[in-house]
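Read-outs: derived from the displayed coordinates by stated rules, not from any lab. Computed from a predicted model, the values in this text were never measured in an experiment. As a convention, Cβ positions derive from the backbone with ideal geometry for all residues, glycine included, and neighbour counts pool all protein chains shown.
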């Protein structure tokens, strides 16, 4: 019986595989290939193109080879977008790491009222980015927003936030931290819970202070989680989109919040340069790939695996 | 000098409440401002000094937003999409995971590797051609497109396969002796035994669909088909300064997912912890 079951045939697997296999072909493999083909064309998105279009005719009319790619690399805008994204990462990454380690530590305690904090910290995670971004746009309104109102209580004159070239990106960073801290706090909570408590007990017997325990036990043992969070954060940073679209409709003063996905979307559906947009999406993929590969290489230097 | 144990415990509790409340405060301020603003009249929005508590609270923004074209239907659309796409996603993923974990067939491992490899390509690379695919299938402005897209979700397949591999083959053998066919085994043995992870993935898919922005933005242009995030961003263009309206709409969009969260906290938490949340 068992034997017959184990050698059960291809035919038995087909009905189970079929739905996802159709999805794989139609909504993953075909789009990936199509995306690459379009990226080598000057297709405008206005001339009708479906999967059933005559490919030869399409190529005769639109084929441009790697022109889009070289145009991207030579454009000033690309470097600005890359700079904006790196600026976002430089501000966002340290702040999100610190704040979510803090939140993870808070959530790890078993005092009364922890249930309340737990529910509360996740509300921004549950909130859609569009709603969250609308809220932040209004909260950061220079004249009528509550943030500058609070700053004024301390005698500080708040900046013009989204209307200022300097402060637009930090404003996006603030909103993103608020949105993500519960999520990454939860990830760190998982890491903290997996640390063996005997380490702390031993350290206490040796008279270690709270800070020493945190510095020499918690941080090293948390480093695999920190590494994971860093990778996810950097990938997410390159894919920044709804907050930028909703908070800064025209990508901020002087393009201060122009980022990759926002550019890709606008080139494709607003400026009718589908080919250019597709090429830019592959450049984005390459950049994410390189950044992730570098991090994977660097991890040996600082990530500590406790076996 | 050593601090006594009790004293240290007390300090721990104090710092917990101080930091905990501080973070809570920072998280709550924007929501506080959202609720306050939604209760203001349009005139009170732009009063200086800013009114921390509205002098004449009113529910007009809530009344008005339901009269706007596409708002009521967007709530229905968001619900419809969240429910259908999560069902399609977990059902299709569970079927594939069953085949990949419990049915031997030639090429199984290589096919699974192809499935996994597609996870490397970010959604941003394929959304333009996806638009073309959906146009070819005449599915733009059609909510079925979102269901079709969920037929293939390698992350869900991977998670479910991990779970199903831990299910002992003796369950399946027993079912075969009882005369069950593959579908009965899948439906009556495997699915119930994977219910925890199914619920977790379902809840995450629900939330992902409820909050999705980029794909609906590309696919839908008919206001009657809009989802909540889409109508909110459209209203922003139309009623740029009517923040009482926009904040009322935001609050309405948050409430349903908050209610789902209250009932399914456990699954949300495990879902967030296994990672892979989009956007």
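What to note about this one:
- Approximating the spin labels as points 7 Å out from Cα along Cα→Cβ, the residue A:60-to-residue A:150 distance works out to 6.4 nm.
- Peptide B:113-124 has a mean of 5 when you count, residue by residue, the C-beta atoms of other protein chains within 10 Å of its C-beta.
- Within chain A, helix-based [θ] at 222 nm, where runs of 4 or more DSSP H residues each add -39,500 (n - 2.57), nearest 500: -22000 deg cm²/dmol
- Over the stretch A:192-307, Cα pairs under 8 Å with separation of 6+ residues give a relative contact order of 28 percent.
- The reciprocal of the average 1/r between distinct C-alpha atoms defines the Kirkwood hydrodynamic radius, which for the stretch A:187-243 equals 13.0 Å.
- Summarising the label geometry, the points placed 7 Å from Cα in the beta-carbon direction at residue B:47 and residue A:301 lie 5.7 nm from one another.
- Highest-first arrangement of A:22-35, B:131-144, where packing means the average Cβ count within 10 Å: A:22-35, B:131-144
- Peptide ranges B:237-243, B:81-87, B:98-104 listed from the most packed, as the mean C-beta count within 10 angstrom indicates: B:98-104, B:81-87, B:237-243
- Taking all Cα-Cα distances within the stretch B:1-117, those exceeding 17 Å account for 78%.
- Principal-axis tilt of helix B:154-165 within chain B, Cα atoms, nearest 10 degrees: 50
- Estimated D of the protein assembly as shown in µm² per second, where Rh is the Kirkwood radius over Cα pairs and Stokes-Einstein applies at 37 °C, 0.692 mPa s: 126
- Percentage of interatomic Cα-Cα distances in the stretch A:69-302 larger than 34 Å: 27
- Chain B: angle of helix B:195-211 to the longest principal axis, Cα-based, in degrees nearest 10: 40
- Packing-based ranking, highest mean first, of B:46-54, B:191-199, A:224-232 given that Cβ atoms within 10 Å are counted: A:224-232, B:191-199, B:46-54
- Annotation for the stretch A:221-283 versus the stretch B:224-279: alpha-carbon center distance of 20 Å.
- P(r) of the stretch A:87-216 over all Cα-Cα pairs, binned every 10 Å from zero, in whole percent: 11, 31, 31, 18, 8, 1
- Relative intensity, log₁₀ I(q)/I(0), of the stretch B:5-62 from a Debye sum that treats every alpha carbon as a point, q = 0.19 Å⁻¹: -0.71
- Estimated FRET transfer efficiency when R0 is 41 angstrom, pair residue A:211-residue B:55 (beta carbons, to 0.05): 0.25
- Convex hull per residue volume in Å³, alpha carbons only, for the stretch B:50-203: 215
- For chain B, adding -39500 (n - 2.57) for each run of n ≥ 4 DSSP H residues and dividing by the number of residues yields -22000 deg cm²/dmol at 222 nm.
- Partner chain coverage, peptide A:146-156 - average Cβ within 10 angstrom: 2
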